[in-house]
Amino acid sequence: MPPRLRAQVGGLNSLAMPFDSPALVFTFAFAAALLIGLLVKFWLATRQMRHVSRHRDRVPSPFESAISLEAHQKAADYTIAKTSFGIVEMAWGAAVLIAWTLLGGLDFMNKALLGWIGGGLLQQLALLSAFALVSGLLDLPFTLWQTFRLEERFGFNKMTLRLWLLDGIKSTVVGALIGLPIAALILWVMGATGAFWWLWAWGVWMAFNLLLMSIYPTFIAPLFNKFKPLDDAGLAARVNTLMQRCGFASKGLFVMDGSRRSAHANAYFTGFGASKRVVFYDTLLRQLSPPEVEAVLAHELGHFKHRHIVKRMGALFGLSLLGFALLGWLSQQSWFYGGLGVQPNMNAPNDALALLLFMLAMPVFGFFVAPLSVRLSRKHEFEADAYAAAQTSSGDLKAALLKLYKDNASTLTPDPVFVSFYYSHPPASERLARLGSS
C-alpha cells in the first residue's frame, strides 16, 4: 500500500465515521447522482413509451408509401417492449450496484479472498475474476429473457439454446485468456512504477486496444461466426470500384453468417491498419439490392473519409488518459474507498479494489455528460450520409435506410428528448429529410 494511503486509513473505522468526513460526503454525492440518474432515465423511458404509443396507429406521412401500418405498429410494439424491459433492467442494475458498494458486497468479497489467499497479485486477480463471474451470473436472467423471449417474440432471435451456451463458453474462455494477462500486467504496473503508474498503465491499455483491433478480425471473430469471401461478382465489382474511387483499401470483402443468431442486418469495417476488412451480414445482402448495398457501404466509407474513426480513437485515448489520471488520484484517497462501502486493505495492495470501484462509480457520474457524446455521433452520421449521397445515390441510400428501419423494427416516431440522450444515430425522419435536400 502507498505510504500516503496507509497513513490515511490507519485510523479509519468504516462503521463509525464522523458526519463531516469526506467519505460520508462522497457517499451522499454518489447516492444523489445515482438517484437523480435513475429518475431521469425513468422519465426518459416513460416519455419514449408514451410518445411511441401515441403515434402507433398512423404511419408518419413521409413514410406512408414505403412502410405499412402493420410494420409501423410492429416497430412501435418492439420499441415499447424494449424500453419497458430496459426499465426493469435499469432498476436491477441499480440494486446490484448498491449491493456491491454501499451494502458492502465488494468489501465482503475482498476480505473473504484475503482470508483465503492472502495479499498479492493472485488475490487481486481472483477478486477481479470473482467480480466478473458473479456480475455475469446476476445479468444472466436478463440476457436469457432478452434473447429467448423479447427478441423471439418479434421474430428476430435465430439462436438456439445450444448455440447460446457455446457462445457463452467461448466468450468466457477468450475473455479469460485475454483479460487475465492484461489485468495482471496493469496491476503489476500499478504497484511497481511509482507515483506516475497511471501514465504507464494508460500506455499499456492503449497498446492492448490497438493490438486487439489488429487481431480481432483474423483470430477472434472467426471463433463465433463464419466468414466467407463475397462471391457475388457483380456486387464485388461495384464495391471495389467504390472503394478505389474513395481511396480506401481493405484486405477483403466478407459475408458473415449473422442469420445464425439474429434477423437484424448490418455491414461494418473491422480491423486496423493492414488488417482492415469489409464485412456484410448475410441478412443485409438478402434485404438490399446491389445499388443499396453500395450506398450503405459508401456511408461507412464516409466515416473514414471524414476521419471519424481517427477522431473517436483520439477522443478515446484522451478520455482514457484522464480516466487513468483520475484513478491514480482517487486510489490514494481513503474517502474514495470508505465512501463506496469498502475498507481499504491495510497490509495488501488496493489496486484491484480501486479499479473495480472506479468502474462501478464513474458511469453513475458520467451519465450526465453522455448526451454530448451521442450528439457528436449523430453529427458524424449526417456527414457520412452526405458523403454517401455524393458518391452513390441519395435515392439508393434512402431506400436502403427505409428497408433497414423496417426490417429491424426501428420506430419512426421516437421521443425527441429521448433521442437527444440516447440515439447515436439520427432518427429516420431527420436522416431522410437531410438526404432529400442533398
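Annotation note: of Y422, Y337, the sole residue that is under 30 Å from L122 (Cβ atoms) and either surrounded by fewer than 20 Cβ atoms within 10 Å (Cβ to Cβ) or touching a residue at least 40 places away in the same chain (Cβ under 8 Å) (or both) is Y337.
Sub-8 Å Cβ pairs linking a first residue in segment 121-146 that is under 20 Å from D351 (Cβ atoms) and in contact (Cβ under 8 Å) with a residue 60 or more places away in the chain to a second residue that is charged (D, E, K, R) and crowded, with 16+ Cβ neighbours inside 10 Å, at least 6 apart or interchain, are Q124/D351, ordered by first then second residue.
Look at segment 363-385: where a residue is farther than 23 Å from H299 by Cβ and a partner is of a type in the set (A, V, I, L, M) and at pLDDT 90 or above, sitting 6+ places away or on another chain with Cβ atoms under 7 Å, you get V364/A33; V364/L34; F365/A33. The number of residues in segment 340-362 that are surrounded by fewer than 21 Cβ atoms within 10 Å (Cβ to Cβ), of a type in the set (A, V, I, L, M, F, W, C), under 23 Å from A31 (Cα atoms) and in contact (Cβ under 8 Å) with a residue 24 or more places away in the chain comes to 3. Just one of (1) over 22 Å from A400 (Cα atoms); (2) in contact with a Ser or Thr (Cβ under 9 Å, 6 or more places away or on another chain); (3) in contact (Cβ under 8 Å) with a residue 24 or more places away in the chain; (4) assigned to a helix (DSSP H, G or I) fails for S320. It is (2).
Every residue, every condition in (1) loosely packed, with under 15 Cβ neighbours inside 10 Å; (2) farther than 26 Å from R260 by Cβ; (3) over 22 Å from the mean Cα position of the chain (by Cα); (4) in contact (Cβ under 8 Å) with a residue 60 or more places away in the chain, yes or no:
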| position | (1), (2), (3), (4) |
| --- | --- |
| V189 | no, yes, yes, no |
| A192 | yes, yes, yes, no |
| Y216 | no, no, no, no |
| L230 | no, no, yes, no |
| L235 | no, no, yes, no |
| L242 | no, yes, yes, yes |
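Only residues that are modelled with pLDDT of 90 or more and either among the hydroxyl-bearing types (S, T, Y) or assigned to a loop (DSSP other than H, G, I, E, B) (or both) were counted in segment 226-240, giving 1. Looking across segment 86-110 at every residue that is of a type in the set (V, I, T) and assigned to a helix (DSSP H, G or I), the one that is farthest from the chain's Cα centre (by Cα) is identified as I98. Residues in segment 27-63 that are farther than 27 Å from W100 by Cβ and loosely packed, with under 13 Cβ neighbours inside 10 Å: R50, R54, D57, R58, S61. For segment 249-270, the criterion of being part of a loop (DSSP other than H, G, I, E, B), surrounded by 15 or more Cβ atoms within 10 Å (Cβ to Cβ), within 20 Å of the chain's Cα centre (by Cα) and at pLDDT 90 or above is met by no residue.
The values are calculated or read from the model by the stated rules, or taken from the named source; none is laboratory data. In this text, all values refer to a predicted model and were calculated from it rather than measured experimentally. So basically every Cβ, Gly included, is an ideal-geometry build from the backbone, and we count neighbours across all protein chains shown.
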